[in-house]
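In what follows, a single structure is set out as structure tokens and then discussed.
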Amino acid sequence: MTYKKVELNLPDKLINEIDDLARQEHLDRGELVRRAVYEYIREKKRWHMREQMKKGYLEMANINLQLAIEQAKLEAEADEYLPAAEGS
């Protein structure tokens, strides 16, 4: 894997927190930041996928509701004509 150098300006407090966590995890600062960015991107992709799925499920729910309403109308119409046809 090739790497490109990225320069970031971060507040001192955040750098201190990164360094503390890197020490606890036995990682260097760069590796900790790489992992954090990777996880952030992964979670954003998962969130986006869930949102797309929710949107799709809601669209399908509306379609299914319309189909059910139409089916109920057709059944009611058939019920009107069937008894009349049976009596003939």
Item to check | Two-site label geometry, R50 and E17: point separation in nm, points 7 Å out along Cα→Cβ | outcome: 2.1 nm
Checklist entry - When the helix-only estimate is applied to the chain (DSSP H runs of n ≥ 4, each -39,500 (n - 2.57), divided by the residue count), what is the mean residue ellipticity at 222 nm, nearest 500 deg cm²/dmol? => result -30500 deg cm²/dmol
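So which GluC sites (Glu not before Pro) in segment 1-66 pass both tests, a DSSP loop state and at most 15 other Cβ atoms within 10 Å of the Cβ? Kindly include the intermediate steps, with their values, before the conclusion.
Values: sites: E7, E17, E25, E31, E39, E43, E51, E59; in loops: E7.
The qualifying sites are E7.
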Item to check | Label zone at L10 (point 7 Å along Cα-to-Cβ), backbone N below 20 Å, segment 27-54 | outcome: 27-44
Next on the checklist: At 37 °C and a viscosity of 0.692 mPa s, what translational diffusion coefficient does Stokes-Einstein give for the chain, taking Rh as the Kirkwood radius over Cα pairs? Give it in µm²/s as a whole number.
Outcome noted: 173 µm²/s
Checklist entry - Does anyone have the angle between helix 29-87 and the longest principal axis of the chain? Alpha-carbon axes, 0 to 90°, nearest 10? => result 0 degrees
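Read the figures in this text as sums done on the coordinates, not as results from a lab. The structure displayed is predicted, hence computed values, not measured ones. Methodologically, a virtual Cβ is constructed for each residue, glycine included, from the backbone with ideal geometry; neighbour enumeration extends over all protein chains shown.
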